[in-house]
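Undergrad: Have a look at this one.
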Amino acid sequence: GQSLEQPSEVTAVEGAIVQINCTYQTSGFYGLSWYQQHDGGAPTFLSYNALDGLEETGRFSSFLSRSDSYGYLLLQELQMKDSASYFCAVLSGYSTLTFGKGTMLLVSP
Amino acid sequence: DTEVTQTPKHLVMGMTNKKSLKCEQHMGHRAMYWYKQKAKKPPELMFVYSYEKLSINESVPSRFSPECPNSSLLNLHLHALQPEDSALYLCASSQTSASSTDTQYFGPGTRLTVL
C-alpha cells in the first residue's frame, strides 16, 4: 500500500520562509508531486521531483531524497495568498497519484 | 494552456435521480481521471482512462459509471446515489498514464450534494 505523512498545519508570517515535509512509504515510486489547494478550489500543480535534489520555481522549491523516502516543499517570501492546503502526492505505476492528508498553511500579517 | 473544464459547478440531486458530470480538456492529453474529495480530506482516485479505455477502477460502487466518448471528454454518470456520496468530484488529465514524468492537471470540480 501507499502511506504519506505530512504535518496537518503550519503557521507563519508574511515574508517568512516555511518548509513542509513529506515522508512516504510506497510500493512503486516514479516521483513526488506537490499541489496547492485553496478552500473551495481545485488542486493546482506546483512541482514534481523524479530525481534527487532541489527544483526551484519562483518562490517555491521542492526537494526529494529517494534513499530517505523524503521530500519537502519550501515556500519563500510568504504572502497572504499562500494560505492554502498543500498536498504531497506520490506518482506510482500507471500514473496513480496518491495524496498525503494535506498541510494547511496559515499566513498571518 | 493547462485548462480542464468541468460542468456543472454545483449539483444537488435526490437519491433516485440520474445525473451526469462532464469534463473536457483540449491539451491533447490521452489520460483522464476522476477523483472524489471529501471536506478536509485529500483527493481519492476513482477511475483512470488511458487512450479512451478504462485502465483503473478503484473498487468504486456501480452507482458511479464513467464514460470516455473521445480523447477530450470524460463523463461520470450518477444513479441512485447516497447522501455519503456528497463531495467535490474532480477531473484531471495528463499526457499519458505510463510516463514517469506526467503531471496531472485538475479541473475546478463539481460540488455534489445528495439529498
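Undergrad: Being of a type outside the set (D, E, K, R), under 25 Å from B:LYS38 (Cα atoms) and not in a strand (DSSP E or B): is that true of A:ALA16 here?
TA: Criteria not met by A:ALA16.
Undergrad: Follow-up. Inspect all residues belonging to the stretch B:36-51 and state whether any of them is more than 28 Å from A:GLY100 (Cβ to Cβ), out of contact with any Cys (no Cβ under 7 Å at 6 or more places or on another chain) and not in a loop (DSSP other than H, G, I, E, B).
TA: no
Undergrad: Consider only pairs whose beta carbons are under 6 Å apart and that are at least six residues apart or on different chains; among these, list those whose first residue lies in the stretch B:2-24 and is within 22 Å of B:TYR105 (Cβ to Cβ) and whose second residue is in a loop (DSSP other than H, G, I, E, B) and polar (S, T, N, Q).
TA: So the pair list comes out as B:GLU24/B:SER72.
Undergrad: Within the stretch B:1-29, take every residue that is part of a strand (DSSP E or B) and of a type in the set (Val, Ile, Thr) and give me the one that is farthest from the other protein chains (Cβ to nearest Cβ).
TA: Filtering first and then ranking leaves B:VAL12.
Undergrad: Still on this structure, I have one more. Is it the case that B:ASN57 is of a type in the set (S, T, N, Q) and farther than 18 Å from A:SER92 by Cβ?
TA: Criteria not met by B:ASN57.
Undergrad: Is it true that A:ALA89 is surrounded by fewer than 19 Cβ atoms within 10 Å (Cβ to Cβ) and within 10 Å of chain B (Cβ to nearest Cβ)?
TA: So A:ALA89 does not fit the description; no.
Each value in this text was obtained by applying a stated rule to the coordinates, not by laboratory testing. None of the values given here were measured: they were computed from a predicted structure. Note that each Cβ is placed from the backbone with ideal geometry, even for glycine, and that neighbours are counted across all protein chains shown.
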